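The numbers here are math on the coordinates, done by the rules we state, and not lab data. Given the structure is predicted, the values throughout are model-derived calculations rather than measurements. Here the Cβ positions follow ideal geometry from the backbone for every residue, glycine too, while neighbour counts run over all protein chains shown.
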Amino acid sequence: DAGVIQSPRHEVTEMGQEVTLRCKPISGHNSLFWYRQTMMRGLELLIYFNNNVPIDDSGMPEDRFSAKMPNASFSTLKIQPSEPRDSAVYFCASRPWGLVGEQYFGPGTRLTVT
Amino acid sequence: ELKVEQNPLFLSMQEGKNYTIYCNYSTTSDRLYWYRQDPGKSLESLFVLLSNGAVKQEGRLMASLDTKARLSTLHITAAVHDLSATYFCAVDIAYQTMNRDDKIIFGKGTRLHILP
């Protein structure tokens, strides 16, 4: 298995631009998680999905952030408009829902907003 | 509110020494995970602890779980420079929630620096 796939791996954009991050979970995993990691705030859970349905988005910082999971093999995290304080590494993780086992993390997307 | 507290948050130690990282949590759980993160990299699963008294070992690292004390430890034996990384514990309460929410709560991580 290829593991969790994220794209792009690096993104540099200007303030005010729209940013879309993409994630493909491990096949058969029906829980998907989006995290953000910064030096100041550490690892933060933004939102997670079970069977493509958003369950808890209380970690989404603002209305500028939105996430979708149109099918079991694809999810997006969108920031519109982006701001410099959104600069961080964004991780996607997946795991089988309801079963024993840890989350598997993707390689992350390093976002820089100038 | 579920809390997962790691200590210390920063640890600098000499090669060859032993040390322990502690992970305390505030709710009932008998499932806990340890992850490793190297600088600029993603999180990698190290240990999966699934019951009270569980002990797992891999090389110089050993993890244990005491669910009654709500405590997990990650013990480092005769540290080597290659173990320098940030270590996270994560508590799983997914199977306990009535509506089957999927909850894994991470600690803030322990940044370990091993001096040659």
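Take A:Ser27 and B:Met13, extend 7 Å from each Cα along the Cα→Cβ direction, and tell me the distance between the two endpoints in nm.
My value for the distance between the label points is 4.2 nm.
What are the trypsin sites (Lys or Arg not before Pro) within region B:23-78 that DSSP puts in a loop, where the Cβ has at most 13 other Cβ atoms within 10 Å?
Passing sites in region B:23-78 are B:Lys68.
Can you give the convex hull volume per residue for the Cα atoms of region A:25-87, as a whole number of Å³?
In region A:25-87, the Cα hull volume divided by residue count equals 86 Å³.
Evaluated at 4 °C with a viscosity of 1.567 mPa s, what Stokes-Einstein diffusion coefficient in µm²/s does the protein assembly as shown have when Rh comes from the Kirkwood expression over alpha-carbon pairs?
71 µm²/s
Dipole size in debye (nearest 20) for chain B around its Cα centre, Lys and Arg Cβ +1, Asp and Glu Cβ -1?
120 debye
Size of the dipole of the protein assembly as shown about the Cα centre, Lys and Arg at +1 and Asp and Glu at -1 on the beta carbon, nothing else charged, in debye to 20?
260 debye
Excluding B:Leu50 itself, what net charge comes from residues whose Cβ is under 12 Å from its Cβ, given Lys and Arg +1 and Asp and Glu -1?
Local charge sum for B:Leu50: -1.
Which whole number gives the average, over all residues in B:42-48, of C-beta atoms from other chains lying within 10 Å of the residue C-beta?
That average works out to 5.
Based on DSSP loop calls and a cut-off of at most 13 other Cβ atoms within 10 Å, the longest stretch of chain A free of exposed GluC sites (Glu not before Pro) is what?
The segment A:63-114 is the longest one with no such site.
Identify which of B:Glu15, B:Glu44, B:Glu58 has the largest mean-square fluctuation in a Gaussian network model of chain B, with springs joining Cα atoms closer than 10 Å.
B:Glu58
Under 30 Å Cα to Cα from A:Lys24, which lysines show up? Leave out anything in the same chain fewer than 8 places away.
Here the lysines satisfying the reach criterion relative to A:Lys24 are A:Lys68, A:Lys78, B:Lys3, B:Lys41, B:Lys103, B:Lys108.
Would you kindly state how much longer the chain becomes between B:Glu5 and B:Asp66 on full extension, computed as 0.36 nm times their sequence separation minus their alpha carbon distance, in nm to one decimal?
Full extension from B:Glu5 to B:Asp66 adds 20.5 nm.
If the label point is 7 Å along Cα→Cβ of B:Glu44, which residues in region A:10-38 have backbone nitrogen under 20 Å from it?
A:26, A:37
List the residues whose amide H sits under 5 Å from the amide H of B:Phe47, counting only those 5 or more places along or on another chain, with H placed 1.01 Å from N in the peptide plane.
Here B:Trp34 satisfy the definition.
Loop-only trypsin sites (Lys or Arg not before Pro) in region A:21-97, please: DSSP not H, G, I, E or B, and at most 11 other Cβ atoms within 10 Å.
For trypsin sites (Lys or Arg not before Pro) across region A:21-97 that sit outside H, G, I, E and B with at most 11 neighbouring Cβ atoms in 10 Å, the list reads A:Arg41.
How crowded by other chains is A:34-46, given as the mean number of beta carbons from other chains within 10 Å of each beta carbon?
Average per residue, whole number: 2.
Which of the lysines could be linked to B:Lys56 by a straight reach, that is with a Cα gap under 19 Å, when you skip same-chain ones fewer than 8 residues away?
Candidates past the 8-residue exclusion: B:Lys68.
Using +1 at the C-beta of Lys and Arg and -1 at the C-beta of Asp and Glu, which of A:Val89, B:Thr77, A:Ile26 has the Cα lying farthest in the positive direction of the dipole of the protein assembly as shown?
The Cα lying farthest towards the positive end belongs to B:Thr77.
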